[in-house]
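Engineer: One structure, pasted below without further comment.
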């Protein structure tokens, strides 16, 4: 004879489930209340940060914008006016110091106008502590102030700061060889600076004067504006000349404007004068 069990009484089932359901419901209500209390207690700016963290310029993944389409990513630009001024002062000071220090103490890497630009650019972006002063041998009467955005070589692009490929910036450029530690004068003017003016009076300390002397083996030449006003001056390297190493020079702007060779005069009427240029990282402000 088969045995058939009776169905579980419905009222008995509800009685057994009711305590467990009540406990679960009470637990859920407690958790909801706790979340609401935390949201109320948390400062509004913290709640916003938890929803969308602000972009960090030291982490390129936070944005790949190139506002000017010049190949320099926005996260590399010094947008704070204080940082821009600090860079200008350091860049000008470092270049100027090379022209007045004993020749035997000039860094061996400075052999032409482009290497002077690269050296002063890189050193201006470093942290200028006691170790830096000992390594460079540079002496200053007063510290120009420090850049706060970032310091070389701890940059979003590492040590490769100079753009060497054409085009606007893209994420693939980080690993595609678009940036390097070396760039010649032509690459510096075409990929890392932008034209500011044909009037040298518009230049600020740290701006560059570029020339193109047709017919020379190295036609691209640059000068650094280190001072403006009544004592306006430029610093440049002559570059190798017929086997000779060349030299660094600091020249008053007035003297340059009256240069005996017209092709070296920074005036709009001179077709060899390309104009006043400014570094891409100084393009734009906060």
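The values are calculated or read from the model by the stated rules, or taken from the named source; none is laboratory data. What you see is a predicted model, and the numbers here were worked out from it, not measured in a lab. All Cβ positions, even for glycine, are placed from backbone atoms using ideal geometry, and neighbour counts span all protein chains on display.
Engineer: If the requirement is being touching a residue at least 60 places away in the same chain (Cβ under 8 Å) and on the phi < 0 side of the Ramachandran plot, which of these qualifies: 270, 280?
Structural biologist: 280
Engineer: Continuing with this model, one more query. Does residue 190 satisfy being modelled with pLDDT of 95 or more, over 20 Å from residue 84 (Cβ atoms) and within 19 Å of the chain's Cα centre (by Cα)?
Structural biologist: yes
Engineer: Now, a different point. Looking only at residues in segment 105-153 that are assigned to a loop (DSSP other than H, G, I, E, B) and either touching a strand residue (DSSP E or B) at 6+ places or on another chain (Cβ under 8 Å) or outside the structural domain of residue 210 (by TED's automatic domain parsing) (or both), which one is nearest to residue 221 (Cα to Cα)?
Structural biologist: Checked segment 105-153; the qualifying residue nearest to residue 221 (Cα to Cα) is 112.
Engineer: I'm trying to understand the selection: among the residues of segment 242-267, which are at negative phi, part of a loop (DSSP other than H, G, I, E, B) and either more than 32 Å from the chain's Cα centre (by Cα) or outside the structural domain of residue 214 (by TED's automatic domain parsing) (or both)?
Structural biologist: 258, 259, 260, 261
Engineer: Residue 155 fails exactly one of the following numbered conditions: (1) more than 12 Å from the chain's Cα centre (by Cα); (2) modelled with pLDDT under 95. What is the number of that condition?
Structural biologist: (1)
Engineer: Give 166, 156, 195 a once-over and let me know the one that is within 14 Å of residue 281 (Cα to Cα), loosely packed, with under 15 Cβ neighbours inside 10 Å and in contact (Cβ under 8 Å) with a residue 40 or more places away in the chain.
Structural biologist: Testing whether each residue is within 14 Å of residue 281 (Cα to Cα), loosely packed, with under 15 Cβ neighbours inside 10 Å and in contact (Cβ under 8 Å) with a residue 40 or more places away in the chain leaves just 195.
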